[in-house]
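Since the structure comes first, as structure tokens, the remarks are kept for the end.
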Amino acid sequence: SEYGVTTAKPGAQAWEYGFGEFDPKANRIESFVQLVTFNGSAWVPGNRQARGKVGRVSLTAKGGAPGNGIQHGAIRRWTARRDGFISIDGVLGEQPKKPDEAVHGWIVSSGIGLLGSYLPQKKEIATKLPRVLVRRGDTIDFVVVGKGQFAWSPTVRFLEGAKPGEVAGWNAEKDFSGTVAGKQMEAWEKFAQVLLETNEMTFVN
């Protein structure tokens, strides 16, 4: 593949890859659907029917592309494994091919809400947050909507350093893996997601 990523890294389990909608009025994530298909270099919708509705949403080691409309923004999700204060760093950049292509990014905490809003406007923009409180189980979503491809591979680390048995920090590019989804789904969850991405659901009475 383009990135040569086929094995799980120590930090890979903290990340999920999906699409969904950010509600700017509530400053919260309205929906999140995890992508379960890896094509060799990117997480993508599973079949032609899903792609027709969702669009060309994808997430790669270095960035990705949003889907159709605000309901299908690309979302890279990091989940806190413990309480503490984290720092977030990174750069959001556009890779437009046409004049009308532009993207808008947000960083959203499930515990706090909107943390940052970013409009690259055909150039890179820093997405740095020096101190953010998280509780165990909180998610930090890196959301992108718009048209065209984008580059954004954020890093996350705890300010007080790593605990025993914990990775020193999380780097979206280095942690990227095609062998495991960030969320370790139970068997029934995997089955449900496979059903949702197959045509057989259409024919169930």
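The values are calculated or read from the model by the stated rules, or taken from the named source; none is laboratory data. None of these values were measured; they are calculated from a predicted model. All Cβ positions, glycine included, derive from the backbone under ideal geometry; neighbour counts span all protein chains shown. Calculation scope for accessible area: heavy atoms of the full protein, side chains included, ligands and nucleic acids excluded. Shrake-Rupley method; radii C 1.70, N 1.55, O 1.52, S 1.80 Å.
Annotations
- Difference of contour (0.36 nm per residue) and Cα-Cα distance, D23 to A126: 34.8 nm
- Accessible carbon and sulfur surface of the stretch 1-132 relative to its total accessible area, %, 1.4 Å: 51 percent
- When only the Cβ of Lys, Arg, Asp and Glu is charged (+1, +1, -1, -1), the dipole of the stretch 20-115 relative to its Cα centre reaches about 340 debye.
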